[in-house]
Amino acid sequence: YLAPLSGKLSFLTKDLVDFGGRNKIKIGFNPGKTQLSLPKNDLKDILSKVDILFLNQEEASILTGISYEKEKDIFKNIDEFCPGIAVMTKGQKGVVVSDGKYFYKAKALEIKPVDATGAGDSFAAGFLSGFIQSRENIGYAIQLGMANSAGCFQKVGAKEGLLKKGDKWKKVKVEKEYC
(Lines give C-alpha, C1' and ligand atoms only; values in the text may rest on other atoms or scores of the structure.)
Protein backbone atom coordinates (compact mmCIF):
# COMPACT_ATOMS: atom_id res chain seq x y z
CA TYR A 1 0.00 0.00 0.00
CA LEU A 2 1.59 3.20 -1.18
CA ALA A 3 0.19 6.18 0.67
CA PRO A 4 0.51 9.84 -0.31
CA LEU A 5 4.07 11.10 -0.44
CA SER A 6 4.60 14.84 -0.46
CA GLY A 7 7.40 17.17 -1.43
CA LYS A 8 10.57 15.58 -2.77
CA LEU A 9 9.40 12.16 -1.56
CA SER A 10 6.70 12.16 -4.23
CA PHE A 11 9.41 11.57 -6.84
CA LEU A 12 10.09 8.15 -5.26
CA THR A 13 6.63 6.96 -6.32
CA LYS A 14 7.70 5.78 -9.77
CA ASP A 15 10.72 3.89 -8.40
CA LEU A 16 8.59 2.20 -5.73
CA VAL A 17 5.91 1.15 -8.21
CA ASP A 18 8.54 -0.08 -10.68
CA PHE A 19 10.18 -2.10 -7.89
CA GLY A 20 6.81 -3.66 -7.06
CA GLY A 21 6.21 -4.54 -10.70
CA ARG A 22 9.64 -6.11 -11.15
CA ASN A 23 9.14 -8.20 -8.01
CA LYS A 24 5.51 -9.20 -8.71
CA ILE A 25 4.25 -7.25 -5.69
CA LYS A 26 0.63 -6.14 -5.97
CA ILE A 27 0.22 -2.43 -5.39
CA GLY A 28 -2.55 -0.50 -3.71
CA PHE A 29 -1.97 3.21 -4.31
CA ASN A 30 -3.54 6.27 -2.71
CA PRO A 31 -1.86 9.24 -4.40
CA GLY A 32 -1.85 12.61 -2.72
CA LYS A 33 -2.13 15.95 -4.48
CA THR A 34 1.64 16.19 -4.91
CA GLN A 35 1.74 12.78 -6.62
CA LEU A 36 -1.25 13.73 -8.78
CA SER A 37 0.82 16.75 -9.89
CA LEU A 38 3.69 14.61 -11.19
CA PRO A 39 4.39 14.95 -14.94
CA LYS A 40 1.46 13.38 -16.84
CA ASN A 41 3.58 10.72 -18.58
CA ASP A 42 5.15 9.63 -15.27
CA LEU A 43 1.77 9.51 -13.58
CA LYS A 44 0.19 7.46 -16.39
CA ASP A 45 3.14 5.05 -16.31
CA ILE A 46 2.73 4.67 -12.54
CA LEU A 47 -1.02 4.12 -12.73
CA SER A 48 -0.64 1.53 -15.50
CA LYS A 49 1.11 -0.69 -12.93
CA VAL A 50 -1.29 -0.21 -10.01
CA ASP A 51 -3.60 -3.04 -8.94
CA ILE A 52 -5.94 -0.97 -6.76
CA LEU A 53 -6.18 2.81 -7.01
CA PHE A 54 -7.76 4.70 -4.08
CA LEU A 55 -9.00 8.25 -4.64
CA ASN A 56 -11.50 10.49 -2.94
CA GLN A 57 -13.89 12.27 -5.28
CA GLU A 58 -11.84 15.49 -5.30
CA GLU A 59 -8.65 13.58 -6.20
CA ALA A 60 -10.50 11.66 -8.93
CA SER A 61 -11.66 14.97 -10.37
CA ILE A 62 -8.12 16.41 -10.25
CA LEU A 63 -6.69 13.29 -11.93
CA THR A 64 -9.20 13.21 -14.77
CA GLY A 65 -10.18 16.86 -15.10
CA ILE A 66 -13.82 15.72 -14.90
CA SER A 67 -16.35 16.98 -12.34
CA TYR A 68 -16.74 14.43 -9.54
CA GLU A 69 -20.51 14.35 -10.12
CA LYS A 70 -19.84 12.57 -13.46
CA GLU A 71 -18.76 9.27 -11.90
CA LYS A 72 -19.12 7.11 -15.00
CA ASP A 73 -17.03 9.52 -17.06
CA ILE A 74 -14.35 9.59 -14.35
CA PHE A 75 -14.12 5.80 -14.26
CA LYS A 76 -14.16 5.52 -18.06
CA ASN A 77 -11.20 7.91 -18.14
CA ILE A 78 -9.31 6.12 -15.34
CA ASP A 79 -9.87 2.72 -17.00
CA GLU A 80 -7.99 4.00 -20.07
CA PHE A 81 -4.68 4.18 -18.18
CA CYS A 82 -5.21 2.14 -14.99
CA PRO A 83 -6.11 -1.49 -15.69
CA GLY A 84 -6.63 -2.34 -12.02
CA ILE A 85 -9.50 -1.65 -9.66
CA ALA A 86 -10.39 2.01 -9.15
CA VAL A 87 -11.99 3.13 -5.87
CA MET A 88 -13.58 6.54 -5.38
CA THR A 89 -14.65 7.39 -1.85
CA LYS A 90 -17.35 10.01 -1.40
CA GLY A 91 -17.22 10.76 2.32
CA GLN A 92 -20.58 10.27 4.02
CA LYS A 93 -22.17 9.55 0.62
CA GLY A 94 -20.35 6.22 0.32
CA VAL A 95 -18.10 4.70 -2.30
CA VAL A 96 -18.01 3.65 -5.96
CA VAL A 97 -15.61 1.00 -7.24
CA SER A 98 -14.91 -0.10 -10.80
CA ASP A 99 -13.09 -3.20 -11.96
CA GLY A 100 -13.52 -2.20 -15.61
CA LYS A 101 -16.55 -4.49 -16.06
CA TYR A 102 -18.79 -3.58 -13.14
CA PHE A 103 -19.54 -0.66 -10.86
CA TYR A 104 -19.96 -1.52 -7.20
CA LYS A 105 -21.75 1.12 -5.14
CA ALA A 106 -22.46 1.38 -1.44
CA LYS A 107 -23.86 4.10 0.75
CA ALA A 108 -22.06 4.94 3.96
CA LEU A 109 -23.30 3.46 7.20
CA GLU A 110 -25.63 5.79 9.07
CA ILE A 111 -23.54 6.98 11.98
CA LYS A 112 -23.01 10.13 13.98
CA PRO A 113 -19.64 11.40 12.71
CA VAL A 114 -17.21 12.80 15.26
CA ASP A 115 -13.97 13.27 13.31
CA ALA A 116 -13.09 12.55 9.67
CA THR A 117 -9.36 12.26 10.37
CA GLY A 118 -8.11 9.00 8.91
CA ALA A 119 -11.44 7.99 7.38
CA GLY A 120 -10.02 7.50 3.87
CA ASP A 121 -7.00 5.57 5.11
CA SER A 122 -9.16 3.41 7.36
CA PHE A 123 -11.44 2.65 4.40
CA ALA A 124 -8.44 1.65 2.27
CA ALA A 125 -7.03 -0.55 5.06
CA GLY A 126 -10.38 -2.29 5.53
CA PHE A 127 -10.89 -2.66 1.77
CA LEU A 128 -7.46 -4.20 1.25
CA SER A 129 -7.88 -6.50 4.22
CA GLY A 130 -11.30 -7.63 2.99
CA PHE A 131 -10.01 -8.05 -0.57
CA ILE A 132 -7.17 -10.29 0.60
CA GLN A 133 -9.30 -12.24 3.12
CA SER A 134 -12.07 -12.92 0.62
CA ARG A 135 -9.75 -13.80 -2.25
CA GLU A 136 -10.58 -10.67 -4.22
CA ASN A 137 -14.32 -10.29 -3.56
CA ILE A 138 -14.91 -6.59 -4.18
CA GLY A 139 -18.30 -6.55 -2.46
CA TYR A 140 -16.88 -7.97 0.76
CA ALA A 141 -13.89 -5.60 0.52
CA ILE A 142 -16.27 -2.62 0.30
CA GLN A 143 -18.26 -3.84 3.30
CA LEU A 144 -15.18 -4.21 5.48
CA GLY A 145 -13.76 -0.90 4.26
CA MET A 146 -17.00 0.92 5.05
CA ALA A 147 -17.24 -0.67 8.51
CA ASN A 148 -13.63 0.20 9.34
CA SER A 149 -14.10 3.76 8.15
CA ALA A 150 -17.34 4.15 10.12
CA GLY A 151 -15.55 3.04 13.28
CA CYS A 152 -12.85 5.64 12.68
CA PHE A 153 -15.43 8.36 11.95
CA GLN A 154 -17.03 7.80 15.35
CA LYS A 155 -13.85 8.54 17.34
CA VAL A 156 -11.31 11.35 17.49
CA GLY A 157 -8.08 10.66 15.64
CA ALA A 158 -6.94 8.34 12.89
CA LYS A 159 -6.45 5.16 14.95
CA GLU A 160 -9.32 5.05 17.41
CA GLY A 161 -12.33 3.01 16.35
CA LEU A 162 -10.50 0.83 13.85
CA LEU A 163 -11.71 -2.76 13.65
CA LYS A 164 -9.69 -5.54 15.19
CA LYS A 165 -9.75 -9.21 14.32
CA GLY A 166 -12.87 -10.79 15.80
CA ASP A 167 -14.84 -7.52 16.11
CA LYS A 168 -18.46 -7.58 14.98
CA TRP A 169 -19.32 -5.06 12.29
CA LYS A 170 -22.35 -3.95 10.31
CA LYS A 171 -22.43 -4.69 6.58
CA VAL A 172 -23.57 -2.21 3.96
CA LYS A 173 -25.58 -3.23 0.90
CA VAL A 174 -23.37 -3.29 -2.21
CA GLU A 175 -25.05 -2.78 -5.57
CA LYS A 176 -23.40 -4.13 -8.71
CA GLU A 177 -24.10 -2.97 -12.27
CA TYR A 178 -22.39 -3.18 -15.64
CA CYS A 179 -20.08 -0.28 -16.53
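The values are calculated or read from the model by the stated rules, or taken from the named source; none is laboratory data. Because the structure is predicted, anything quoted here is derived from the model rather than measured. Cβ sites come from the backbone with ideal geometry, for glycine too, and all protein chains shown count toward neighbours. For accessibility, only protein heavy atoms count, side chains too; no ligands or nucleic acids. Shrake-Rupley method; radii C 1.70, N 1.55, O 1.52, S 1.80 Å.
Considering only residues of region 135-164 that are assigned to a loop (DSSP other than H, G, I, E, B) and more than 23 Å from residue 115 (Cα to Cα), which is least open to solvent (accessible area, probe 1.4 Å)? Result: 137.
Per-residue answers, yes or no, for (1) modelled with pLDDT of 95 or more; (2) open to solvent by 20 Å² or more (accessible area, probe 1.4 Å):
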position	(1), (2)
107	yes, yes
114	no, yes
119	no, no
125	yes, yes
129	yes, yes
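Quick check on region 25-38. Is at least one of its residues more than 19 Å from residue 125 (Cα to Cα), without any contact (Cβ under 8 Å) to a residue 24 or more places away in the chain and surrounded by 14 or more Cβ atoms within 10 Å (Cβ to Cβ)? Looking for residues that are more than 19 Å from residue 125 (Cα to Cα), without any contact (Cβ under 8 Å) to a residue 24 or more places away in the chain and surrounded by 14 or more Cβ atoms within 10 Å (Cβ to Cβ), one finds none in region 25-38, hence no. Scanning region 125-170 for residues that are of a type in the set (D, E, K, R) and farther than 17 Å from residue 27 by Cα yields 155, 159, 160, 164, 165, 167, 168, 170. Selection over region 66-91 of residues that are open to solvent by 10 Å² or more (accessible area, probe 1.4 Å) and either of a type in the set (Phe, Trp, Tyr) or in contact with a helix residue (DSSP H, G or I) (Cβ under 8 Å, 6 or more places away or on another chain) (or both) gives a count of 10. Taken as a whole, the condition of being of a type in the set (Lys, Arg) and either at pLDDT below 90 or more than 30 Å from residue 157 (Cα to Cα) (or both) applies to residue 76. Here region 1-24 is the region considered, the condition is being within 14 Å of the chain's Cα centre (by Cα) and without any contact (Cβ under 8 Å) to a residue 60 or more places away in the chain, and the residue that is most open to solvent (accessible area, probe 1.4 Å) is 4.
Note on region 162-174: residues that are of a type outside the set (D, E, K, R) and more than 18 Å from residue 95 (Cβ to Cβ) total 1. For the condition out of contact with any Lys or Arg (no Cβ under 8 Å at 6 or more places or on another chain) and not charged (D, E, K, R), what is the one hit in 81, 29? When all the criteria are applied, what remains is 29. Please work out if residue 56 is surrounded by 21 or more Cβ atoms within 10 Å (Cβ to Cβ) and either of a type outside the set (Ser, Thr, Tyr) or more than 19 Å from residue 131 (Cα to Cα) (or both). Judged against the criteria, residue 56 is not a match.
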